[in-house]
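The next block holds one structure in the form of structure tokens; read it before the comments.
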Amino acid sequence: MKNIENVKDMMAEEKKDFSVLESRIMAGREAYQNIPVPEEMEGRIRRVTAGTGKVRRFRIAAAVAAAVVVLVLLPNTGADMAYAMGNLPVVGKLFQAVTFRDYQFESDRFNANVEIPQIVVEDVAGEQAESGKNEAEVTEKETIGNEVTEETQRLQETIEQVNFDIDEVTNELVEEFKESAELGESYGSLEIHHETVTDNDRYFTLKLSIYQGAGSGMESYKFYTIDKRSGLQVQLKDLFREDSGYNEIISEEIRNQMRTLMAEDEMNAYWVDKTDIPDLNWEGLKEDQNFYFDADGDLVLVFDEYEVAPGYMGAQEFTVNKTVFEGMLK
């Protein structure tokens, strides 16, 4: 009988914890829904979503996805774990990419499956100021608080800019697809999907995969990397010291990988060491080259179709071990 009473008490306590968490989720969802949308972005959204039928089917799903992010913490966590998590010190911000809208179309000649993401950032936990501090400690706390506020504002501006760019890119592609589908004179397809490829202590990178089919298909990518420390979006050139010579060193490393791959398989072809057509040779990394860091901290350079090889080779990725470049980082 005593054991049964203990189980009942545990169930009641967990139900109470869940109710508190549920309230937090609902409050977070309401706060997210009230985030202001820039006027220009809002206008483009309204133009793209105008109309009726399955051709125009867009869904707002970010709030639900944000709630799911919190709910995934629930399995296998009891009341003690929930209490411990609630009393963590400052642990930073939670970056998430959620499907903000989608667009789908299907006919005999055309089909589209589009996910339009947005990046959402939330504070994971905060350390509350303790009472009874002397004046010096309070001043120090307020100074730190002001710095955090400035960083948060800068990060928010970066997130808004990235989300706006994602919206611009995807809306343009959707509009182009719609025009072709309305003419109905050929065949066409559009696929846009997203994936978080980096989320470590320093960087968050969202990968946007784009496939456009019209007779033959072409796949391209856009990568959005945010420096969590500075709150700024970064390009490849921003990672390295100006005097590091990173471009020449890493570009030559990639050329060596190309040579190795071609030696292993005659079907592999890259635009390197072309003595008959030297103008065809790949010139090296661009300052805004697509990149991300993998789970091991190695640098992955990404190239669209036709950028470093013939079209049949498709998009290409080359991984550069961190030992090659870590001494050149800022």
Counting just the residues of segment 264-312 that are hydroxyl-bearing (Ser, Thr, Tyr) and more than 21 Å from Tyr246 (Cα to Cα), which one comes out farthest from the chain's Cα centre (by Cα)? Thr275
Selection count, segment 201-232, where residues are in a loop (DSSP other than H, G, I, E, B) and among the hydrophobic types (A, V, I, L, M, F, W, C): 0
If we keep just the residues of segment 217-238 that are in contact (Cβ under 8 Å) with a residue 40 or more places away in the chain and among the hydrophobic types (A, V, I, L, M, F, W, C), which is farthest from Phe303 (Cα to Cα)? Leu232
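Residue by residue, here is whether (1) surrounded by 13 or more Cβ atoms within 10 Å (Cβ to Cβ); (2) among the basic types (Lys, Arg); (3) under 18 Å from Phe204 (Cα atoms); (4) not assigned by TED's automatic domain parsing to the domain that holds Glu219 holds:
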{"residue": "Asn290", "(1), (2), (3), (4)": "yes, no, yes, yes"}
{"residue": "Ala295", "(1), (2), (3), (4)": "no, no, yes, yes"}
{"residue": "Leu299", "(1), (2), (3), (4)": "yes, no, yes, yes"}
{"residue": "Gly311", "(1), (2), (3), (4)": "no, no, no, yes"}
{"residue": "Gln316", "(1), (2), (3), (4)": "yes, no, no, yes"}
Are any of the residues in segment 183-200 part of a loop (DSSP other than H, G, I, E, B), of a type in the set (Asp, Glu), under 15 Å from the mean Cα position of the chain (by Cα) and surrounded by fewer than 18 Cβ atoms within 10 Å (Cβ to Cβ)? no
Filter segment 221-234 for residues that are surrounded by 17 or more Cβ atoms within 10 Å (Cβ to Cβ) and of a type in the set (Gly, Ala, Ser) and give the result. Gly231
Whichever residue in segment 248-282 is in contact (Cβ under 8 Å) with a residue 12 or more places away in the chain, charged (D, E, K, R) and out of contact with any Lys or Arg (no Cβ under 9 Å at 6 or more places or on another chain) and, among such residues, is nearest to Leu236 (Cα to Cα): Glu248
Being among the small types (Gly, Ala, Ser) and loosely packed, with under 14 Cβ neighbours inside 10 Å narrows it down to one of Ala214, Ala263, Ala269, so name that one. Ala263
Does Thr319 satisfy the criteria of being of a type in the set (S, T, N, Q), part of a strand (DSSP E or B) and more than 21 Å from Arg241 (Cβ to Cβ)? yes
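The values are calculated or read from the model by the stated rules, or taken from the named source; none is laboratory data. Since the model is a prediction, treat every value here as computed from it, not as a measurement. Heads up, the Cβs are rebuilt from the backbone with ideal geometry, glycines too, and the neighbour counts pull from every protein chain shown.
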